[in-house]
Amino acid sequence: MKIALLGYGKMGKVIERIALERGHEIVLKKDEFNTYDGLSTADVAIDFSVPTAAVANISNAFNANVPVVSGTTGWLEHFDEMTALCNEKQSGFISSSNFSLGVNIFFELNEYLAKIMSQFDSYKVTMEEIHHTQKLDAPSGTAISLAKGVIENSNYANWTLDEAKNNEIHIEAKRIGDVPGTHTVTYDSIVDSIELKHTAHNREGFALGAVIAAEWLAGKKGIYSMKDVLNLK
């Protein structure tokens, strides 16, 4: 399979290594200093760039009839625009805040726990996420996905980085050293606490999941999620 890498930072380089190990070919390594030359020859594009570049990367891929796997966060105010373009160009699209197998299992556990805990008003849910100091958006896309998972399965209405109101989930975002990503969901009451936690040890899981998603998406049309890729629906 021919892969275009849209974004060639730390994650892009790990994705490149894993893709090559799995027998794929890299036809473009797009960064801020080069063009999209070679994009149209790709079977799939993997976008791990920055929020300000994501929309241009995804748009250029769809316009070149190349399906996209995007792990960039912080640009989702344009998500509907990108899905509309995907459908218009009859392409394929997977956008996820986190491609790690473990995190996607964590998402499922989070939703299941939220359904159970929605019956017990004595527990207040909060979240904490810790990432490396180079991460540009806060809270992380993974933390937002976790918050949405709780909101969709409880009486909570929103999340906030500020002091939470009764129907809001407080997310504490920390930027420390070179931490790949740690996310904790806590249900706290006066008698006890329940914690659900995922800790990434390195970037390998994110990169492998993105390559697996690209392998799954190649040749498909439509809007998908990691639930489809991992058969979690």
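The values are calculated or read from the model by the stated rules, or taken from the named source; none is laboratory data. Just so we're clear, the structure is a prediction, and the values are computed from it rather than from any experiment. Cβ sites come from the backbone with ideal geometry, for glycine too, and all protein chains shown count toward neighbours. Keep in mind that these areas ignore ligands, DNA and RNA; they rest on the heavy atoms of the full protein, side chains included. Shrake-Rupley method; radii C 1.70, N 1.55, O 1.52, S 1.80 Å.
Just a few scattered comments:
- Residue that is nearest to Tyr187 (Cα to Cα), among those in the stretch 109-149 that are at pLDDT below 95, of a type outside the set (Gly, Ala, Ser) and open to solvent by 50 Å² or more (accessible area, probe 1.4 Å): Asp121
- Note on the stretch 57-110: residues that are over 14 Å from Gly209 (Cβ atoms) and of a type in the set (Val, Ile, Thr) total 6.
- The number of residues in the stretch 151-187 being under 26 Å from Phe99 (Cβ atoms) and among the basic types (Lys, Arg) comes to 2.
- Candidate set from the stretch 59-84 (those that are β-branched (Val, Ile, Thr) and closer than 23 Å to Leu101 by Cα); member that is farthest from the chain's Cα centre (by Cα): Val68
- Residue ID - surrounded by the fewest Cβ atoms within 10 Å (Cβ to Cβ), chosen from residues in the stretch 59-93 that are on the phi < 0 side of the Ramachandran plot and among the small types (Gly, Ala, Ser): Ala84
- The one condition in (1) in a helix (DSSP H, G or I); (2) in contact (Cβ under 8 Å) with a residue 60 or more places away in the chain that Ile46 fails to fulfil: (1)
- In the stretch 31-51, of all residues being more than 16 Å from the chain's Cα centre (by Cα) and of a type in the set (Ser, Thr, Tyr), the one that is surrounded by the fewest Cβ atoms within 10 Å (Cβ to Cβ) corresponds to Thr35.
- Scanning the stretch 191-215 for residues that are open to solvent by less than 70 Å² (accessible area, probe 1.4 Å) and β-branched (Val, Ile, Thr), we see that the one that is nearest to Val44 (Cα to Cα) is Val211.
- The stretch 185-233: number of residues that are of a type in the set (Phe, Trp, Tyr) and at positive phi: 0
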